[in-house]
Ligand SMILES: O=C(CO)[C@@H](O)[C@H](O)COP(=O)(O)O
Ligand SMILES: [Fe+2]
């Protein structure tokens, strides 16, 4: 099973963002994950559409914008105009989820719905016809470098089955605490896009880090004896 690797810029060196983006693109990343936080929906503040627009001319990567902001309908048009290819909003932040997703589609971007670790999967059922991506948080959103929450793994698996049973082509993306140990667990559960911040930007060699994550997720991690890791690694 192939996976896509999406380095999260949140863990990059903010003084050298352009070089960081160039480095992960050269490293073979598939998407660039951009975490937008408003200090309200989550207890942290990051950046807005200006930064997305500033980086856009310097990269051909798909820009995967993860909005951790209250009432995201106020800003989706600005992020799409800035160059977002995918805009993901949190179910918990949208009073009118269907309206927000329709707005993203209408503006020409792919749309995602994100669920916090404690939010049930069933909340996306009615909007599935609009959804290109279901993002399952494996940490409580707000910060990079947190511990992976293993209790979400069954939900990742349930999401893959849920989508397949409904003939929905949406990707399952996992975000938070993904590293070479947890990547094979979420990939085995059915995730196809793996977001990784610390595991990529915390490593001295970005290219080696992206490669190691891909190999671990695809079961080609020979440093572990070449065995396909599976459900047995659910818990630490
Ligand atoms: O959305 C978020 C955090 O809220 C993530 O995208 C993090 O940036 C992932 O960082 P790591 O857990 O991989 O360090
Ligand atoms: Fe994220």
By count of other Cβ within 10 Å, fewest leading, how are 168, 111, 94 ordered? 168, 94, 111
If I stretch the segment between residue 107 and residue 14 completely, what's the gain in nm (0.36 nm per residue apart, minus their alpha carbon distance), one decimal? 30.6 nm
Take residue 22 and residue 218, extend 7 Å from each Cα along the Cα→Cβ direction, and tell me the distance between the two endpoints in nm. 2.7 nm
At what distance in nm do the modelled label points of residue 161 and residue 118 sit from each other, each positioned 7 Å from its Cα along Cα→Cβ? 2.5 nm
Mind listing the Cα extents of the range 1-106 along all three principal axes, in Å, largest one first? 39, 32, 27
So what is the relative contact order of the chain, in percent, for Cα pairs below 8 Å that sit 6 or more residues apart? 20 percent
Between residue 126 and residue 78, with labels modelled 7 Å along Cα→Cβ, what's the label distance in nm to one decimal, could you check? 2.9 nm
Please compute the length gained on full extension between residue 147 and residue 62, using 0.36 nm multiplied by the number of residues separating them and subtracting their Cα-Cα distance. 27.9 nm
With equal scatterers on the alpha carbons only and no solvent term, can you work out the Debye log10 of I(q)/I(0) for the range 4-233 at 0.10, 0.12, 0.16 1/Å? -0.41, -0.60, -1.10
With springs only between Cα atoms under 10 Å, which of 57, 43, 184 fluctuates most in a Gaussian network model of the chain? 57
Cβ-based exposure ranking for 73, 125, in which fewest neighbours within 10 Å come first: 125, 73
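Since every read-out is calculated from the coordinates, none of them should be taken as a lab result. In this text, all values refer to a predicted model and were calculated from it rather than measured experimentally. Counting neighbours? That spans all protein chains shown, and the Cβs are built from the backbone with ideal geometry, glycine included.
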